[in-house]
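Working notes for the structure below.
Rule-based calculations on the coordinates, nothing more; no lab input. Model, not experiment: these values are computed from the prediction. Neighbour counts run over all protein chains shown; Cβ positions are idealised from the backbone, glycine included.
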Amino acid sequence: MSDLFTTVFLGALFFGAVTAAVPLLLAGLGEQMSEKAGVLNIGIEGMMIFGAYTGFLGAYLSESLWLGFATGMLGGIFVALIMVVLCVRYGLNQIVIGIGLTLGFEGLTALLHHFQFSRTYPRLPAAEPFPIPILADIPVLGPALFRHHLIVYLALVLVIVMSLLYRRTQLGLNLQAAGDKPAALDVAGVDVFRTRTIAVVFTGAMAGLGGAYLANIGAGLFVPFITNGAGFLGIVLAMLARGRPLWVLLGAMLFGICLGLTTALQVAGINIPTDVIQMIPFLAVMAMLVAFGRRSSLPAALGLPYERGAR
Amino acid sequence: MLSPAHHPGEAAPIIELDGVTKRFPGIIANDSVDLALRPGEVHVLLGENGAGKSTLIGMLSGLLQPDAGQIRIDGKVQSIGSPSQALGHGIGTVFQHAMLVPTLTVAENLLLGGPWWRRPNKEGLVEKVETLAQQLGMRIKLDALAADLSLGEQQMVEILRALLRGSRVLILDESTSMLSPAGVEELGALMRRLVERGMALVFITHKLREATAFGDRISVLKLGRKVGEIEPGRFRELDEDTLMAEIVEMMFGIRSDDPESVAQVPGPVDDTIAPLFSVRDLALPAGPNAPGLSEISFDVRPGEILGIAGIDGNGQKQLAEALAGQRADAEGSITLDGAAIDGLTVGGRRARGLRYLTDDRLGEGTVGSFPVAINFFIKEVGAPPYWKGAFERGAAIDQRAAELIKDYDVRTPSRQTPIGQLSGGNVQKVVLARELAEGARVVIYNKPTYGLDLNNTLSIRQRIREVAAQGKAVILISTELEEVLGLANRIAVMAEGRITGFVDNGPDARMNVGRLMIGISQ
Amino acid sequence: MSAQDISTRPSTTEAAPEGEAGQPATPAARGVGKRLAMTVGPVLVALALAGLLLMALGVNPLTYYTYVIERGLLSPSGVQQTLTRMGPLLFLAAGLIVSFRAGIWNLGGDGQFLLGAVAAAASAPLLAMIMPAGFAVAIAFVIAIVVAMLWSLVPALLKGYQGVNEIITTLMMTFLGASLANVLVKLIFLDPGTTVPQTRTLPVADRLPRLFDTTISSGLLFGLAAIIAVHLMMVKTSFGLKLRIVGANPRAAIHAGLSVPKLTVAVFALSAGLCGIAGALDVLGVQGNVRADWNPGYALTVIPMVFLARFNGYASIAFVGLLSVLSIGGESAARRLGVPNDFTLLLVAIVLIVLAIAEYIDHRLSKAAKV
């Protein structure tokens, strides 16, 4: 009995943890690039929800999950481009526009959902997992960690890619300069607007992908407000990780495990309200901030528009 | 002065400005300026603050676009639409304020600007930097964080960056303003080596001695117009004094010696008078980007002006903040008229008559978006008679503001104009009025004339003398040696957060202060 | 970042709230007229844009708007609901104005609202059993205020004394608060008398009185009083001026000898307290209890209104009124016309973005005119 309990419990815990962590990871990695480049992207929740909608729509119409991910990314990029024009190009207040985009696309997707899907509630078939050879056959951990959709592993690879990008490429240097001293980047001959545009568009793509994952893999359907603050959590993760992709992964896993725990406990028949467990990661992060909360070294120009030759 | 290897003034110009004009709301920053930059020449641009030097540089470096006139490069009309186009034309600029990313290393800063997908080529960089640094006698710490470099070192890095980019034209914008005398000499020698390689240098300064020592050709700007130019031929013919007199006439339209230096030198005050303000063993821990303070002790007597000289960034600002009570982590004793004030807050010290005029007038001295009237009172919010209970008394504030505007000759469209819209001189007058109008006993000035035009500079210096003459104790922090020598009775020199020595003002003071500043003790 | 203005660059409207005295009448009147045009214009443009979207979805926008206005503003029962809804929203707006004007981005209003609501819902019915209802309700308000203030204490101390960015901490506290509110409702303050997870219900008779013979809750009057008081506090008192100095230029505040950490904590307490009252008001005046998983997300929706009003209390009343009409009318339209209430969110967002763009263009034009 206790053996079976442990197996089922751990399986559900880790499988749920990974499933829950992936969208947060994607959102966090995306937001991280914007913040590195000096754009506080509060609109990421809007990018995510629109990505969830377009991703679901694409997958539903094309009957291909991969096309769904592509349309999800495009949806996120669409919202990001609005942000680029208003905040990067014309320097409008990033918080105002961010909140506006979030509310607007929450409303829009709810509206579209109502007119398109609210009678039929179409579902996608369960995603085909991609078992990693050998590893997937490890008892307990195998199915929990190594039998996910391919996109999950790609998200993990992305963590390494981002680390290399930030440390080993010109773009990494440019992004950091755009966030810490945009004027210095400008006089070095690199277009600050273009650098920040790349960052915000990347954020949109990752947020859109994360949203599409939530709808297509996590839920198998689109419902209004499906992101439920995942984008905001991405902001929190990015701010805590301060430019280090691996920390985003660790943070996303912390939140993921707590969310996985809620499912696992239900599987195990222990009835604790999910809310109690959902509080744990926030409590952990707040405790960390209280303990080590010396000024978080955010980019110096975070949230500030750049104007060339401003007097 | 070194003689140039080949005669400047003959080669065809690399860049010519022809009738270039640039307007900003309310002012014409550059009014049809002509300028030619030739290889092998150090072209000095002289002018007061607000003469339009920075605007001109902005247009050459691609940050600003001219409203009229044309720029010819190698004889062809070109536009310099962005900094990267400027770099493409071979124009490198070292700005007055460091343009390095503080969180990147020197090497990374030098690598900024490559194709974005590329891996930064550090190995290639090391090789090139070593060759160049050797040729020019520079020392470059490639792996140091830019934030950890001194200002002089940062400038070297920026010059190196311009050279790495293959610049033919190098613009140095007030590069000596934050250097030690030795650093200035070093920069001068470097400039000479660079023009010997055939570069065209633009050297902007407002110090005449540097202009005559390092230049080949001098152009003078005044209120946006070019008011004169001295050709290399004439430049070489004239001796230094004649040259200076000629430049001064161009700049100020009056024949005189350096108008900023003051004829009468104040002597020391009677040291039998009891000090009004005493500091003993003041100390402050160092911050991440700022020096700390240690073992600072001095007295100021009533009627005395104590000058604090030193190169910028050696703890002067921290000293002023610690004295004013803005630093909670300061240790040591401070007494005003015999009573200890080191336990008091900013407001408490102000109430005792201590006044601090910050050098950062818009950054911390005032609230730019608030009306002029309110800015007179932001250090006494809630105090009667301008507030009654918790409530603002608009009439009392307006009436007093009108008086202060008149008394201190603040030129403002109205009392309700946001102070950020006023010129620097008028903002400084508001600050002066706020600090000096009532109850001042000890006044700390931090760079009181920084960024002001000559008129305002002279009137503010006069006010400093008047304040001391009223029997107040004055502490004058300044990086302009002339200012300190012209005003102070006694001069303390600061270096690395300590006072390295005191000098009584007098004929030998300049030399003695200079020696202390470059680290040769008396 | 300018806390006074919707676009980041300073604009001509920025100093206007301070500039009451000593200005000649004509430019001031022109200024007011211009501001009115700059506000109404974008609202109309946004209505048109959103209308196009409705048309695309096969709904006649005129029918929809007419219906919303009829239900939210013109019908007797609708207007009463609208006015009742304004009460809590005004308190939220007041709380947000205090913090935004002081340059503090309190994005945790929803968490503070919910905990205030739960605190009031948990205490009022029990207190009403042992004391007169009026006292019970008053004490419940006090408890709600204290709880909401305490909830903001950690972000306040972190911001004031450690410089930790408040956007991140208040966002986290709002998620945490929503979960905690649910835990409290489901586990601790559960009404034993019903199977539905909710708190005990305060009898209608014990709730805040209604105005005259209407169904309008007296919360409206409290809300109006609160936002006017906050506005006057910000522009007329020394405390308000201190907060505005901190918001406009924190370094000037330190230079002027203001205790920025203490003022920061005070701002959080005030802002959170007002948001907590909003929650309590909704429970004690309208809902009577808190159901599990209840989170109307009012604070996030009120943020755009406060921005649109440029942190001016009087203008906020108008915008909160507009939001109430739209949401009450929208709720009704959702049932009758089949357009979900989420359309309101979209509309608010479009107004906000159009206004930001309009202000930017206006700023560019006036800058160009000066050259």
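Given the options B:Asn489, B:Gly198, B:Phe24, identify the residue whose Cα lies farthest towards the positive end of the charge dipole of chain B (+1 on Cβ of Lys, Arg; -1 on Cβ of Asp, Glu). Result: B:Phe24, furthest along the dipole toward the positive end.
Amide hydrogen proximity for B:Ala36: with H placed 1.01 Å from N in the peptide plane, the residues at 5 or more positions away or on another chain lying under 5 Å are B:Leu17. Sorted ascending by nearby beta carbons within 10 Å, beginning with the fewest, A:Leu150, C:Leu54 become A:Leu150, C:Leu54.
For chain A, the residue among A:Gly75, A:Gln116, A:Ser34 whose Cα projects farthest onto the positive side of the dipole built from Cβ charges is A:Ser34. Couplings for region A:267-277, taken from phi via the Karplus curve 6.51 cos²θ - 1.76 cosθ + 1.60 with θ = phi - 60°, read 4, 6, x, 8, 9, 10, x, 4, 4, 4, 6 Hz in order; Gly and Pro are left as x. Compared with the alpha-carbon gap, the fully stretched path from A:Ala287 to A:Leu61 is longer by 76.8 nm at 0.36 nm per residue.
If you rank B:Met59, C:Met55 by fewest surrounding Cβ atoms within 10 Å, what's the result? Don't jump to the answer; show the numbers that get you there.
Numbers: B:Met59 25, C:Met55 13.
Sorted ascending by nearby Cβ count, the order is C:Met55, B:Met59.
Restricting the calculation to Cα atoms, the protein assembly as shown yields a radius of gyration followed by a Dmax of 33.1, 106 Å.
In this structure, the amide hydrogen of B:Phe24, modeled 1.01 Å from its nitrogen in the peptide plane, lies closer than 5 angstrom to those of B:Ala29, counting only residues at least 5 positions away or on a different chain. When both region B:117-144 and region C:40-110 are represented by their alpha-carbon centers, they are found 60 Å apart. With a cut-off of 20 Å on the backbone N, the residues of region C:323-361 near the modelled label site 7 Å out from C:Thr215 along Cα-Cβ are C:323-338, C:341. Over all other residues within a Cβ to Cβ distance under 13 Å of C:Lys186, the charged ones net out to -2, with Lys and Arg as +1 and Asp and Glu as -1.
Once the Cα-Cα distance is subtracted from the 0.36 nm per residue extended length, the B:Val126 to B:Ala274 segment shows a gain of 47.2 nm.
Phi-derived couplings, Karplus 6.51 cos²θ - 1.76 cosθ + 1.60 at θ = phi - 60°, listed residue by residue for region B:189-203: 5, 5, 4, 4, 4, 5, 5, 5, 7, x, 7, 9, 10, 10, 10 Hz, with x used for Gly and Pro.
Computed over chain C with a Gaussian network model linking Cα atoms closer than 10 Å, the most mobile of C:Glu166, C:Glu70, C:Glu359 is C:Glu70. Between the amide H of B:Ile218 and those of B:Val44, B:Ile230, distances stay under 5 Å, these residues lying 5 or more places away or on another chain, with hydrogens modeled in the peptide plane.
Using R0 = 30 Å, the C-beta based FRET efficiency linking B:Ala328 and B:Asp508 works out to 0.15. For region B:50-97, the share of alpha carbon pairs falling in successive 5 Å distance bins from zero is 5, 22, 31, 26, 12, 4, 0 percent.
Nearest 20 debye, what's the magnitude of the dipole of chain B about its Cα centre given +1 on Lys and Arg Cβ and -1 on Asp and Glu Cβ?
On the way: 55 positive and 66 negative charges, 261 e Å.
Dipole of chain B, to the nearest 20 debye: 1260 debye.
The largest-to-smallest principal axis extents of the Cα set in region B:419-522 are 45, 29, 26 Å.
Shown here for region B:38-134: trypsin sites (Lys or Arg not before Pro) in loop regions (DSSP other than H, G, I, E, B) with at most 12 other Cβ atoms within 10 Å, namely B:Arg118. Under 23 Å of direct C-alpha separation, and excluding same-chain neighbours fewer than eight residues apart, B:Lys76 reaches these lysines: B:Lys22, B:Lys226. The value obtained for region B:367-437, namely the Cα convex hull volume divided by the number of residues, is 77 Å³ per residue. Projected onto their three principal axes, the Cα atoms of region B:362-502 cover extents of 50, 30, 29 Å, largest first.
Given contacts defined as C-alpha pairs under 8 Å and at least six residues apart, what's the relative contact order of chain B, whole-number percent?
Working: 1007 pairs, mean separation 77.7, N = 522.
Worked out over chain B, it gives 15 percent.
Along chain A, counting only GluC sites (Glu not before Pro) with a DSSP assignment other than H, G, I, E or B and at most 13 other Cβ atoms inside a 10 Å radius, the longest segment between sites is A:64-306. Here the simple spin-label model places points 7 Å from the Cα toward Cβ, and for A:Leu135 and B:Ser297 these points are separated by 6.8 nm. For chain C, the Kirkwood hydrodynamic radius comes to 21.6 Å, computed from all pairs of different C-alpha atoms.
Charges only on Cβ, +1 for Lys and Arg, -1 for Asp and Glu: so what's the dipole of region B:367-437 about the Cα centre, in debye to the nearest 20? Intermediate results must be reported in sequence, preceding the final value.
Values: 9 positive and 7 negative charges, 11 e Å.
Here the size comes out at about 60 debye.
Within a straight-line Cα-Cα reach of under 25 Å, C:Lys236 can be paired with the following lysines, leaving aside sequence neighbours fewer than 8 residues apart in one chain: B:Lys379, B:Lys388, C:Lys34, C:Lys262. Put a dot 7 Å past the Cα of A:Phe115, heading toward its Cβ, do the same for B:Asp241, and the two dots end up 8.9 nm apart.
Which order results if A:Leu29, A:Leu111 are arranged by neighbouring Cβ count within 10 Å, fewest first? It would help to have the intermediate numbers written out before the result.
On the way: A:Leu29 28, A:Leu111 23.
Least crowded to most crowded, the residues run A:Leu111, A:Leu29.
Structural size metrics of region B:64-199, computed from C-alpha coordinates, are Rg and Dmax of 15.5, 45 Å.
Quick one: dipole size for chain A, taken about the Cα centre, charges +1 on Lys/Arg Cβ and -1 on Asp/Glu Cβ, in debye to the nearest 20.
Working: 16 positive and 13 negative charges, 166 e Å.
Value, rounded to 20: 800 debye.
Phi angles of region B:495-510 translate, via the Karplus equation with coefficients 6.51, -1.76, 1.60 and θ = phi - 60°, into HN-Hα couplings of 8, 6, x, 10, 8, 8, x, 10, 10, 6, 5, x, x, 8, 4, 4 Hz per residue; Gly and Pro are given as x. Near B:Asn314, within a Cβ-to-Cβ distance under 11 Å, what is the net charge of the other residues, with Lys and Arg +1 and Asp and Glu -1? Taking every other residue near B:Asn314 into account, the sum is 0. The ellipsoid that matches the Cα gyration tensor of chain B has semi-axes, each √(5λ) in whole angstrom, of 42, 27, 25, with the longest given first. Using DSSP, restrict attention to beta bridges with both residues in chain B and report what percent are antiparallel, rounded to the nearest 5. The antiparallel proportion sits near 55 percent. The alpha-carbon of C:Lys186 sits under 27 angstrom from the alpha-carbon of none of the lysines, leaving out residues fewer than 8 places away in its chain.
Step by step: find N for region C:162-239, compute 2.2 N^0.38 Å, then divide the Cα radius of gyration by it. What's the final number?
Numbers: Rg = 19.1 Å, N = 78, 2.2 N^0.38 = 11.5 Å.
Compared with the compact-globule rule of thumb, region C:162-239 sits at 1.66.
Stretching B:Arg234 away from B:Ala396 to a fully extended chain increases their span by 52.2 nm, per 0.36 nm per residue minus the current alpha-carbon distance.
Considering every Cα-Cα pair within region A:2-292, what fraction, in whole percent, is farther apart than 23 Å? Walk me through the intermediate numbers first.
Values: 23364 of 42195 pairs.
Value for region A:2-292: 55 percent of Cα pairs lie more than 23 Å apart.
Nearest 500 deg cm²/dmol is fine: what mean residue ellipticity at 222 nm does the protein assembly as shown get from its DSSP H runs of n ≥ 4 alone, each adding -39,500 (n - 2.57), divided by its residue count?
Values: 43 runs with 636 residues, N = 1204.
When only DSSP H runs of four or more count, the value is -17000 deg cm²/dmol.
Estimated from the Cβ-Cβ distance and a Förster radius of 41 angstrom, the FRET efficiency linking C:Val40 and A:Asn228 is about 0.70.
Spacing of the modelled spin labels on C:Tyr314 and C:Leu232, each 7 Å from Cα toward Cβ, amounts to 1.3 nm.
For the protein assembly as shown, DSSP calls about 60 percent of its internal beta bridges antiparallel.
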